[in-house]
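Down below is the structure, laid out as structure tokens.
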Amino acid sequence: MTTERAGIPAKYKWDLSAIYPDEAAFSAEFSETERMIAEYPKHESTMLSRPEALAAALADHYAIDRKMAKLYEYAARNFDVDTSVNSWQAQTAKVINLSSRFMAAAYFVVPYLLKLDAEKLEQWYLACPELQKYRRVIEVELRRKPYVLSDECEKLLAGMSQGLDSHDGIYSILTDCDMQFGKIRDEEGRLVELTDSSYLKFLMSQNRRVRRAAFTKLYRGYEQFGNTIATVLNGFIKEKATLAKLREYESSLFASTFADEVTPEIYNNLIDTVNRNLEVLFDYYDLKREVLGLPKLHMYDAYAPLIADYDRDYTYEEARDEVLEAVKIFGDEYYQTLKAGMTEWGWVDVYPNKGKRGGAYSSGSYDTEPYILLNFNGKFDDMSTLAHEAGHSMHSYFSRKNNEFHLSNYNIFVAEVASTVNELVLATKKLRESENDLEKLSVLNHIMETFKGTLFRQTMFAEFERDIYALVEANEPLTREILCEKYYAIVKKYFGPRVVVDQQISMEWMRIPHFYYNFYVYKYATCISAASSVMKKIAERGDEYIRKYIDFLKCGNSKSPIESLMIAEIDMTRPEVVEDAVSVFADTVKQFREIAGRLGMIKSGKN
Ligand SMILES: [Zn+2]
């Protein structure tokens, strides 16, 4: 029975009245924003006439964006804590609608900016300090200039954009709604429905029969639709590749990394470095086989738990205080701000309640607190999630505090660094302090699973993605057979010679929605690598390095993501950064093996 929200004490809930005292204040700001949007088109005729006019057009643009972000925050946070309240759903939709109206009213801004030439702009910056403030955001837009087509072509593409981009929609309707997988027998022998979302739960069962049944049944379901899914994926990639080619990008990979302000070099460095270090992943699978006491590890054993649940419970206050203790190493401003955020400023909405959105996230806008949503359940994972989201919120806090609005949103490429650093800082503290072996194993297991899932698995996906785009760009067809063959070869490489790579896994690409994100997943792996590097430097250099790390958090979008990481001495083009992540993983596997050996948990010593 989930709790009613009204029954939860206020100290565990957001106080959104800090954003607007009441709905009337929200409505008043909404109307004010509408008025500003209605006036915005006046900039069209003047924007390129003089530097002051350009600065004014940009200033108004960001003023409207800033108000809309605050409005959205208020409506969406209210909606997320109780999704049964339709009025908040309607208010959220209203703000989204307002933002599309603004996009229409300000349609001319980007194309006009792209008409400016660099030399003239330099003169304008000199003549107008107000405009100089916007140099970075203008430069980000102007980078795209070589890849922008003629006005007619851009108009044509914009007009067609509704018809484009439909493949991922078809894919998710097919896999979420239309496909059925039937029933399997659970641990108690009861017939239960297998769905793609319950699949992982069965794969994590301690009962091998259940794991194997789920694995076999799920792929029997996918097998029937393999040709359809291959056709949809082929269509998606062809579309992205065609657009990249039309715009004369070197490749689809170049186009996509260019949008993140990074390069294919960084993408390839990740894959190459992980490839050179796969032996440590094979060690992990050996450990898993030995602890499970199996003669051979199969694909359906890959998620079997290494340890039965270690059931230490934390109250929210305990978890919060542990997180606060752990982040003390980041200095006074970090610690005091997070402490006040969690205890006085209502940053965290802690417990699940009826109608509340599931999962966890950090949100917030320039004019609000960096809110954290949790569904706290008292386990180590929940405490780790709090540390993670607090990392996002503190990154946002530093970025917003040290930059004007238009430079305050850090790039997606660095978005998971601060959160992962916090997870690692908490885990390191727990390992250092705990005298209980089972607790230590539980923390080590948490770290191993995080690195396996984030560093290795995402890199495996990134490699597959790169290879299939390359095939399409070489005009090779992406049939079901080719996709299965390529995928199987990559899985075999990542699981190594001592794991049985069951044939069904060749179809796993069919169930990965991320292949419709267009080169997205590598960022998970690069972020955990950067975070590992930060941890290593903190251990070696202490406060002197921590100051640099905090400077990185303060950077916001005032520099490119690569330059901002350089402030923390993280060079994403170098293999060392990825190697730092590999060595955290290797070291964790080693520690787990030592303790498990001492406790007699290693059941079979050889293959
Ligand atoms: Zn995150």
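Over the chain, what is the mean sequence separation of C-alpha contacts under 8 Å (at least six apart), divided by residue count, expressed as relative contact order in percent?
19 percent
Which of the listed residues, W347, G391, L438, is farthest toward the dipole's positive end in the range 341-439, when Lys, Arg count +1 and Asp, Glu count -1 at the beta-carbon?
Farthest towards the positive pole: W347.
Stokes-Einstein diffusion coefficient for the range 149-298 at 4 °C in a medium of 1.567 mPa s, Rh from the Kirkwood formula over Cα pairs: what value in µm²/s? Please report the intermediate quantities before stating the final value.
Numbers: Rh = 19.7 Å.
My calculation gives 66 µm²/s for D.
Please calculate how many Å² of accessible area the chain carries per residue, with a 1.4 Å probe and no DNA, RNA or ligand atoms counted.
Numbers: 26930 Å² over 607 residues.
That works out to 44 Å² per residue.
Can you give the net charge of the other residues whose Cβ lies under 9 Å from the Cβ of S363, counting K and R as +1 and D and E as -1? Display every interim value, and only then the final one.
Details: positive: R77; negative: E73, D80.
With Lys, Arg at +1 and Asp, Glu at -1, the net is -1.
Beyond a 30 Å Cα-Cα separation, which of these cross-linked pairs lie in this structure: K13/K440; K155/K238; K339/K452? Numbers along the way, then the final one.
Working: K13/K440 32 Å; K155/K238 21 Å; K339/K452 32 Å.
Violating the 30 Å Cα-Cα cut-off are K13/K440; K339/K452.
Can you tell me the orientation of helix 23-39 relative to the chain, as the angle in degrees between its alpha-carbon axis and the longest Cα principal axis, to the nearest 10?
Around 60 degrees separate the two axes.
Binning at 20 Å from 0, report for the chain what percent of all alpha-carbon pair distances ends up in each bin.
17, 51, 30, 3
Dipole size in debye (nearest 20) for the chain around its Cα centre, Lys and Arg Cβ +1, Asp and Glu Cβ -1? Walk me through the numbers on the way to the answer.
Details: 76 positive and 92 negative charges, 277 e Å.
That gives a dipole near 1340 debye.
Using only the alpha carbon atoms of the range 270-321, find the Kirkwood hydrodynamic radius as the inverse mean reciprocal pair distance, in angstroms to one decimal. Write down the numbers at each step before the final one.
Values: mean 1/r = 0.0719 Å⁻¹.
13.9 Å is the Kirkwood radius here.
Lysine pairs, Cα distance under 17 Å, 8 or more residues apart or cross-chain: how many in the range 18-148?
Working: K67/K94; K70/K94; K115/K145; K120/K133; K120/K145.
Lysine pairs meeting the criterion: 5.
With charges set only on the Cβ (+1 for Lys and Arg, -1 for Asp and Glu), what does the dipole of the range 18-148 come to about its Cα centre, in debye to the nearest 20? Please list the in-between numbers first.
On the way: 17 positive and 19 negative charges, 92 e Å.
The dipole of the range 18-148 has a size of about 440 debye.
Got a number for carbon plus sulfur as a percent of the range 18-148's accessible area, 1.4 Å probe? Let's see the in-between values first.
Working: 3600 of 6460 Å².
Carbon and sulfur: 56 percent of the exposed surface of the range 18-148.
Okay, helix-only estimate at 222 nm for the chain: each DSSP H run of n ≥ 4 adds -39500 (n - 2.57), divide by all residues, round to 500 deg cm²/dmol; what do you get? Mind dumping the intermediate values first?
Working: 26 runs with 367 residues, N = 607.
Computed mean residue ellipticity for the chain: -19500 deg cm²/dmol.
Ignoring ligands, DNA and RNA, what percent of the 1.4 Å accessible area of the range 236-332 is carbon and sulfur? Walk me through the numbers on the way to the answer.
Values: 1940 of 3940 Å².
That fraction is 49 percent.
Net charge within 10 Å of Y351 by Cβ-Cβ distance, Lys/Arg positive one each and Asp/Glu negative one each, not counting Y351 itself? If you can, show how the numbers build up before the last one.
On the way: positive: R5, K13, K356; negative: D349.
Once positives and negatives cancel, what remains is +2.
What is the pair-distance distribution P(r) of the range 18-148, computed from all Cα-Cα distances in 10 Å bins starting at 0, with each bin given as a whole percent?
For the range 18-148, the binned pair fractions read 11, 36, 27, 18, 7, 1 percent.
How much of the accessible area of the range 495-606, probe 1.4 Å, is carbon plus sulfur, in whole percent? Show your work: numbers first, answer last.
On the way: 2320 of 4520 Å².
C and S atoms contribute 51 percent here.
Got a sec to turn the phi values of the range 102-117 into Karplus ³J(HN,Hα) couplings, 6.51 cos²θ - 1.76 cosθ + 1.60 with θ = phi - 60°, whole Hz, x for Gly and Pro?
5, 4, 5, 5, 10, 3, 7, 4, 5, x, 5, 4, 5, 7, 6, 9
Which net charge results for the neighbourhood of R511, defined as the other residues with beta-carbon distances under 12 angstrom from its beta-carbon, given Lys and Arg at +1 and Asp and Glu at -1?
Value of the local net charge: -4.
Among all the aspartates and glutamates, which ones have a C-alpha under 14 Å from K401's C-alpha, if same-chain residues fewer than 8 places away are not counted?
Of all the aspartates and glutamates, those that pass the test against K401 - Cα under 14 Å, at least 8 places apart if same chain - are E333, D367, E369, D551.
The values are calculated or read from the model by the stated rules, or taken from the named source; none is laboratory data. Computed from a prediction, not measured in an experiment: that's the story for all the values here. Don't worry about glycine lacking a Cβ; one is built from the backbone with ideal geometry, like all the others, and counts go over all protein chains shown. The area values use the complete protein model at the heavy-atom level, side chains included, leaving out ligands, DNA and RNA. Shrake-Rupley method; radii C 1.70, N 1.55, O 1.52, S 1.80 Å.
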